[in-house]
1. Relative contact order of the range 1-49: what whole-number percent is it, with Cα pairs under 8 angstrom and at least 6 residues apart?
2. In whole angstrom, how far apart do the alpha carbon centroids of the range 103-169 and the range 14-61 sit?
3. Keeping all protein chains in place and using 1.4 angstrom, which order do Glu38, Glu57, Glu140 fall into by accessible surface area, from largest down?
4. Can you compute the modelled spin-label distance between Val42 and Glu11, with each label point 7 Å from Cα toward Cβ, in nm?
5. Extension gain Leu3-Ala177, at 0.36 nm per residue separation less the Cα-Cα distance, in nm?
6. Can you compute the helix-only [θ] at 222 nm over the chain? Use -39500 (n - 2.57) per DSSP H run of at least 4 residues, normalise by all residues, nearest 500 deg cm²/dmol.
7. Place +1 on the Cβ of every Lys and Arg and -1 on the Cβ of every Asp and Glu in the chain, take the dipole about the Cα centre, and give the residue among Leu126, Val74, Gly94 whose Cα lies farthest towards its positive end.
8. For the range 1-138, what relative contact order do you get, as a whole percent, if you take Cα pairs closer than 8 Å and at least 6 residues apart?
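The values are calculated or read from the model by the stated rules, or taken from the named source; none is laboratory data. Worth saying up front: this structure is predicted, and the values here are computed from it rather than measured. For neighbour counting, all protein chains shown are included, and Cβ atoms are generated from backbone atoms with ideal geometry for every residue, glycine included. The accessibility values were calculated without ligands, DNA or RNA, using every heavy atom of the protein model including side chains. Shrake-Rupley method; radii C 1.70, N 1.55, O 1.52, S 1.80 Å.
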Amino acid sequence: MDLPTPEDLRERRTELGLTQSELAERADVSQPLIARIEGGDVDPRLSTLRRIVEALEEAEGGILRARDLMNSPVVSVAPDDSVSETKTLMDEKGYSQVPVVRDGTPQGLIGNSDIRQRTEENVGDLPVADVMHESIAIVEPNATIDEIDAYLNHNAAVLVVENGQTVGIITEADIAAHVS
């Protein structure tokens, strides 16, 4: 990844018609810090530079957020639902996994692989809670595509939660659809 130079930052800011104060407000940093960075007087921390770049990308309309990528409303099942009902729903919808939600709050995910890994003959009669995996990735609607992508490196899906309620789901396929 190439980091932008002070000249790159100043050029992008002026092309967007933003003042140093406006960029500072969008990036949640001080205007004097923007001036010092653009002047080459200070090397910002990576986290500060990231906030400035994200503010510029957002001003350009080029940064994707969870709210832009998520599928909503979320098709989900309850922990008490049976695995067979869940599998039927997944097959009908063409899903390989669905979130497990109780009263809007995410509890986990259940997928075809979770069901296949169970060896009981009566797996279909079990409640979803006995088969699901509880390790889930959760982001807020304003999470960036980079944050989501990092979670998707280790999770099959990312749930979008706002005020404790599940409002969306994002998978690799959703990222691919927007990138292409």
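1. On the way: 25 pairs, mean separation 15.4, N = 49.
In percent, rounded to a whole number, it is 32.
2. The range 103-169 and the range 14-61 have Cα centres separated by 36 Å.
3. Details: Glu38 10, Glu57 65, Glu140 115 Å².
These residues rank, largest area first, as Glu140, Glu57, Glu38.
4. Rounded to a tenth, the inter-label distance reads 2.4 nm.
5. Working: separation 174, 0.36 × 174 = 62.64 nm, distance 2.68 nm.
In short, 60.0 nm is gained.
6. On the way: 9 runs with 78 residues, N = 180.
Mean residue ellipticity at 222 nm (helix-derived): -12000 deg cm²/dmol.
7. Working it through, the farthest residue towards the positive pole turns out to be Val74.
8. Numbers: 138 pairs, mean separation 24.2, N = 138.
RCO, the range 1-138: 18 percent.
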